[in-house]
1. Can you name every residue in segment 317-342 that is hydroxyl-bearing (Ser, Thr, Tyr), over 29 Å from THR201 (Cα atoms) and in contact with a helix residue (DSSP H, G or I) (Cβ under 7 Å, 6 or more places away or on another chain)?
2. Pick from segment 309-326 the residues that are of a type in the set (A, V, I, L, M) and within 22 Å of the chain's Cα centre (by Cα): which of them is farthest from PRO284 (Cα to Cα)?
3. Please verify whether segment 225-234 includes one or more residues that are among the β-branched types (Val, Ile, Thr), at pLDDT 95 or above and either under 28 Å from LEU178 (Cα atoms) or under 30 Å from the mean Cα position of the chain (by Cα) (or both).
4. Does SER349 qualify as being of a type outside the set (A, V, I, L, M, F, W, C) and under 28 Å from GLU151 (Cβ atoms)?
5. Are any residues in segment 341-369 closer than 30 Å to ALA209 by Cα and either assigned to a strand (DSSP E or B) or among the β-branched types (Val, Ile, Thr) (or both), and if so, which ones?
6. Kindly indicate the residue of segment 211-221 that is surrounded by fewer than 18 Cβ atoms within 10 Å (Cβ to Cβ) and farther than 19 Å from ALA307 by Cβ and also nearest to the chain's Cα centre (by Cα) among those meeting that condition.
7. Pick from segment 302-319 the residues that are in a loop (DSSP other than H, G, I, E, B) and either without any contact (Cβ under 8 Å) to a residue 12 or more places away in the chain or charged (D, E, K, R) (or both): which of them is surrounded by the most Cβ atoms within 10 Å (Cβ to Cβ)?
8. Over 18 Å from PRO132 (Cα atoms) and buried (at least 17 other Cβ atoms within 10 Å of the Cβ): does that describe GLY368?
Amino acid sequence: MKNPVTLAEARAALAADRSSLVARGVILGEDAIAYFPDSWREDPELAMDALPTLTTASNSAIPAFLTTIVDPEVVRILFAPNKAAIIMGGEVKKGTWVDDTAMFPVVEHVGEVSSYNDYATAGNANVNMNFPQRQSYVYQTVKQYGEREIERVGKAKIALVSEIDASAATLMSKYQNLSYFYGIAGLQNYGLLNEPNLTATLTPATKAAGGTAWVNASRVVVATANEIYTDIQSLFNQLVFQSGGIIEAEDPMTLALSPVSAVGLTATNSFNVNVHDLLKKNFPNIKIVTAVQYGVLSTSNPQGVAAGNMVQLIAPKIEGKQALYPAYSEKMRNHAIIRDLSSFKQKVSGGTWGAIIRYPLTIAGMVGI
């Protein structure tokens, strides 16, 4: 049969051939109703050439923001905890933010005795008085935010003003904590780690593995449990010596060291007893507190000790009196909110006296563990 010309002829031709096509394995769907008629090949309305050039930019997607979500739970960057007040037994407020100097009276009983005689006047009982001083340092930060800025950040589900308030509180507390460890340079304001009246730090004993460290640079405990305990024992012996025996093993004590060095306290000896066990057995009221400021100074720990990892053994009370405490004149004073044309600012201030160490003899330190 010649090629079909019209659509009707094309339908008839396909219907006649369908059974023979099936016999040859050619299965056509129900949508196949006709061959392509010759008359259509010359129809300009059925041109099969390429699409014309697009007027718009070629695209097969949608804007990315339509498939982007903002998680409502805000992730906040973490900071090392503030431990100075915990190590020293709690903060104390001294004076107000207008006070520049604090004076601490110190009285020492002095005198002599002589042989008794009914008419003798020899012998003398007196007191010697000193008035050491510490200077306050007042510091500040400023919170600022604009009206448009608040609304723009709000689209990201972040409460800007609340976050800035929290940021100021964090900044102030971090600085206060730092001042308790190092004081303020240029003032009579010292910290727990650099108080000039502290006795010289001890040197750890040389370990069987070499060096004096408890934990090496690869974070591996290289000292034995007995070696680590001996270093702590030396610290306690120093406290006993410099206090003239006033401090005893049953007294409350705080062992302050870096989190990395504290891992050394898990070292276990051949009797399956670790350093923690030895400490609790021999010093029943000892408390272990970690703070990053006792770690070695590094780029990742800019508040560390330049001389190396440090440990301090502290007796926070002696004869019932507080031996040391961190002191502030103002914790966080919120000044007036100043409104500008379309923005706001507010100053926040605080004041620190550093660490007030009334009895330096209650602290023994060791560097190089």
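1. Scanning segment 317-342 gives a single hit, SER342.
2. MET310
3. First, the residues of segment 225-234 that are among the β-branched types (Val, Ile, Thr): 228, 230, 232.
Narrowing further to those that are at pLDDT 95 or above: 228, 230, 232.
Still in the list and also either under 28 Å from LEU178 (Cα atoms) or under 30 Å from the mean Cα position of the chain (by Cα) (or both): 228, 232.
Looking through segment 225-234, at least one residue is among the β-branched types (Val, Ile, Thr), at pLDDT 95 or above and either under 28 Å from LEU178 (Cα atoms) or under 30 Å from the mean Cα position of the chain (by Cα) (or both).
4. Answer is no for this residue.
5. Within segment 341-369, ILE363, ALA364, GLY365, MET366, VAL367, ILE369 meet the criteria.
6. Out of the qualifying residues, it is ARG219.
7. Only one residue tops the list, namely GLU319.
8. Details: over 18 Å from PRO132 (Cα atoms): yes; buried (at least 17 other Cβ atoms within 10 Å of the Cβ): yes.
For GLY368, the condition - over 18 Å from PRO132 (Cα atoms) and buried (at least 17 other Cβ atoms within 10 Å of the Cβ) - is met.
The values are calculated or read from the model by the stated rules, or taken from the named source; none is laboratory data. Note that the structure is predicted; figures quoted are calculated from it, not measured. Cβ: placed from backbone, ideal geometry, glycine included. Neighbour counts: every protein chain shown.
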